[in-house]
1. Based only on other Cβ atoms within 10 Å, what is the fewest-to-most ordering of LEU147, LEU155, LEU334?
2. Share of Cα-Cα pairs in the range 160-224 beyond 19 Å, in percent?
3. Let me see the P(r) profile for the chain: every Cα-Cα distance counted, bins of 20 Å, each bin given as a percent of all pairs.
4. Count the lysine pairs in the chain that are 8 or more places apart or on different chains: how many have C-alpha atoms under 21 angstrom apart?
5. On the Cα set of the range 192-335, report Rg and Dmax in Å, please.
6. Give me the distance between the Cα centres of the range 96-143 and the range 220-241, rounded to whole Å.
7. At what distance in nm do the modelled label points of GLU239 and THR61 sit from each other, each positioned 7 Å from its Cα along Cα→Cβ?
8. Loop-only check: which trypsin sites (Lys or Arg not before Pro) in the range 196-237 are DSSP coil with at most 12 other Cβ within 10 angstrom?
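What follows is calculated from the coordinates using simple rules that are stated; it is not laboratory data. Here the structure is a predicted model, which means the values were calculated and not measured. Because the Cβ atoms are built from the backbone with ideal geometry, glycine has one as well, and the counts that use them run over all protein chains shown.
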Amino acid sequence: MSANHRTFRVAACVLGCAMLSPANAAVPKLPGDGWTAWQVPAVDDAPAWCCHDGWKDHAATPATCRLDGRQHGYGTRDDDRTTDAVKVYVRSTGGKIDRVQVLSATCPVETSTPVQPLADVSTDDSARWLIARIGEHGTDAVTGQPLREGALAALALHRGDVAGDAMVNFARADASSDTRKWSVFWLSMLRGQEGADVTSAVMFNDKDSEVREHAAFALSRSKSPRVAQDLIRLGNSDEVGDVRARAWFWLAQTGAAEAEQAIGAALRKDMDDGVREQGVFALSQLPDERATKALITIAEDRALSPEQRKRAIFWLSQSKSDAAQSYLEKVLALR
């Protein structure tokens, strides 16, 4: 049953019943069973999240989102498609929330029961409702993931300071490392330069090395002009080798012009064998011929250890580049 082909309006008392105390004023009150949805303005340049089913000619095939089951694919059909409004879909079963999903307001959906639309839910009240869900310990009945993950994604797409300030607080200070990880990811992806700045701060200051590592990944996916600068700083300064190694990997993934020089310098000065090994692998992740050139430079640098040079040869052997294959043939001819 398509939610786009049904229109339901909940009586005014549904929202009125939510006004039992100032703390809950106008916060959406849900039925005990079934789907509810409401629409709010989205942040600037919000991606038009919807569903897709396979790929054709390098483009995703649009599909209706079946909210009661797993999707074949979920996200945007192209990186440039945006929306100025999103819908928050919530399912309750036996009085317990077991699904939270946010989609572009124009995304077609299907549900096993009719979706009851809530009217006149403000953006800030919607954000406050989601904030409360993030502090709970529910599980999504379809994905098996914590409900707070869906709630955080929805919150990050909400326009306004209530949502934005809450995301920053979750990223910086939440007791759960998983919540901090998801918060920096969505901040970096959805809330522009401000979100990237917060992600960068967490990347350098969080007490948990796994959170710092995750923040490096999140920052690498942002549009911040300081991505390369910050990742190089992290690769040179973090006290944990795994974090430094991932910083080099994500730097290479960005294709930043500074990557070869920064990673090459790390190979010569970092005292951690694991970091140096991962640094060579990071060079293999550079775009096309840049990767080949960087790996050949490492392979021919006799100031580096034999292990590093062998590792460079190994990654050259995995390349389909004509230049890489020509170099390997040259090396074999000299033996």
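1. Ascending number of Cβ neighbours within 10 Å: LEU334, LEU147, LEU155.
2. 16
3. Per 20 Å bin, starting at 0, the Cα pair percentages come out as 28, 47, 22, 4, 0.
4. Within the chain, the lysine pair count is 13.
5. 15.8, 55
6. So the two Cα centres are separated by 34 Å.
7. Reported label-point gap for GLU239 and THR61 is 5.3 nm.
8. Here the sparse-neighbourhood loop sites are LYS207, LYS223.
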